[in-house]
Amino acid sequence: MIRRLRWKITGVTLLVSALVLTAVFACVYLFSRNNIAQSYEYQLRQAVVSGTSEARVPCFVAEVLPSGTVRVSGSNYYDLQDEDTLLPLVTAALSADADSGVLPAQHMRYFRLEGALTVRIAFMDSTFEQATLRSLVRVCLLIGAAALLVLFLCSYLLSGVVTRPVGAAWAQQEQFLSDASHELKTPLTVILSSADLLRRSAAPEQEAYIDNIQAESRRMRSLVEDMLTLFRAQKSAGTL
């Protein structure tokens, strides 16, 4: 029982710790994702306003003229001559409801700025953003696993300290039951033996009292033997 109690304390501690760590890491992830998205959106905004692709992360700017012509300028990281890829990308950004966001199908983040005559759209590969978030998740998982391992060792050791008084109490109860059972059997045996001797010289009117003494003594001895049997069964089962 003490061992089970110790493992139960350890399990509850780990469960609570895991929930707290999950909540903390979830907040860190959401906060970081929001900051990363705002940072990349700011860079795209600057690229659109300046009309250049000068940013810490490679991007390019597409300028849609009233005639429908699209002029593209930007980083050599992208193949800006591939019209089959660029035109659907520009079309998707123009038809999007929001002025900024991510195009999941193309894995591109965009920022759109509508001017008087032209529409400028800055694009950036969203895999940079996803790679950063995946790295963050891996770091959180490693930190969480290490923290849970340390917490497991600490909680297991501390649970031993916490359950030590309980173990001492169980040991005292075990000793008390053992001693009490053996100590009760001796006087009961003496009482039964004395009652048998008393019956030999007792008057007829005294036999009823002797019968009561023997019946109650036998019942008491049966209770003591049952208590000893239950104690031995619990001890062999390891519940004490």
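The values are calculated or read from the model by the stated rules, or taken from the named source; none is laboratory data. What you see is a predicted model, and the numbers here were worked out from it, not measured in a lab. Glycine gets a Cβ as well: all are built from the backbone with ideal geometry, and neighbour counts include every protein chain shown. SASA here: full protein model, heavy atoms, side chains in, ligands and nucleic acids out. Shrake-Rupley method; radii C 1.70, N 1.55, O 1.52, S 1.80 Å.
Taking only pairs six or more apart or across chains, which ones have beta-carbon atoms under 7 Å, a first residue in the range 25-41 that is among the aromatic types (Phe, Trp, Tyr), and a second residue that is surrounded by 15 or more Cβ atoms within 10 Å (Cβ to Cβ)? Filtered contacts from the range 25-41: 25/140; 25/144; 29/136; 29/140; 40/57; 40/109; 40/124; 40/129. Within the option set 103, 136, being open to solvent by 30 Å² or more (accessible area, probe 1.4 Å), over 15 Å from residue 47 (Cβ atoms) and of a type outside the set (Gly, Ala, Ser) holds for one residue only, 136.
Does at least one position in the range 14-21 carry a residue that is open to solvent by less than 60 Å² (accessible area, probe 1.4 Å) and touching a strand residue (DSSP E or B) at 6+ places or on another chain (Cβ under 9 Å)? Checking the range 14-21: not a single residue is open to solvent by less than 60 Å² (accessible area, probe 1.4 Å) and touching a strand residue (DSSP E or B) at 6+ places or on another chain (Cβ under 9 Å).
Of the residues making up the range 106-133, those that are surrounded by 11 or more Cβ atoms within 10 Å (Cβ to Cβ), hydrophobic (A, V, I, L, M, F, W, C) and out of contact with any strand residue (DSSP E or B) (no Cβ under 7 Å at 6 or more places or on another chain) are 128, 131, 133. When each of 194, 159 is tested for being hydroxyl-bearing (Ser, Thr, Tyr), modelled with pLDDT of 80 or more and over 30 Å from residue 46 (Cβ atoms), the lone residue that passes is 194.
For (1) without any contact (Cβ under 8 Å) to a residue 40 or more places away in the chain; (2) farther than 24 Å from residue 28 by Cα; (3) out of contact with any helix residue (DSSP H, G or I) (no Cβ under 7 Å at 6 or more places or on another chain), each residue gets a yes or a no:
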position	(1), (2), (3)
59	no, yes, no
66	no, yes, yes
69	yes, yes, yes
81	yes, yes, yes
94	yes, yes, yes
103	yes, yes, no
111	no, yes, no
133	no, no, no
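Here the condition is being modelled with pLDDT of 85 or more, of a type outside the set (Ser, Thr, Tyr) and in contact with a strand residue (DSSP E or B) (Cβ under 9 Å, 6 or more places away or on another chain); of 149, 103, 142, 80, it holds for 103 alone.
Being of a type in the set (Gly, Ala, Ser) and in contact with a Phe, Trp or Tyr (Cβ under 7 Å, 6 or more places away or on another chain) is a property that does not hold for residue 147. Is one or more of the residues making up the range 34-46 surrounded by 14 or more Cβ atoms within 10 Å (Cβ to Cβ), on the phi > 0 side of the Ramachandran plot and not β-branched (Val, Ile, Thr)? No, the range 34-46 contains no residue that is surrounded by 14 or more Cβ atoms within 10 Å (Cβ to Cβ), on the phi > 0 side of the Ramachandran plot and not β-branched (Val, Ile, Thr).
Whether a residue is more than 30 Å from residue 160 (Cβ to Cβ), modelled with pLDDT of 90 or more and open to solvent by 70 Å² or more (accessible area, probe 1.4 Å) was assessed, and residue 30 passes this test.
Kindly indicate whether residue 142 is open to solvent by 50 Å² or more (accessible area, probe 1.4 Å) and among the hydrophobic types (A, V, I, L, M, F, W, C). It is true that residue 142 is open to solvent by 50 Å² or more (accessible area, probe 1.4 Å) and among the hydrophobic types (A, V, I, L, M, F, W, C). Pull up the range 197-239, narrow it to residues that are β-branched (Val, Ile, Thr) and more than 30 Å from residue 3 (Cα to Cα), then point me to the one that is modelled with the highest pLDDT. Selected residue: 213. Take residue 127 and decide whether it is hydroxyl-bearing (Ser, Thr, Tyr) and under 21 Å from residue 42 (Cβ atoms). Judged against the criteria, residue 127 is a match.
I'd like the residue in the range 64-79 that is open to solvent by less than 40 Å² (accessible area, probe 1.4 Å) and on the phi < 0 side of the Ramachandran plot and, out of all such residues, is farthest from the chain's Cα centre (by Cα). Ranking the candidates gives 64 first.
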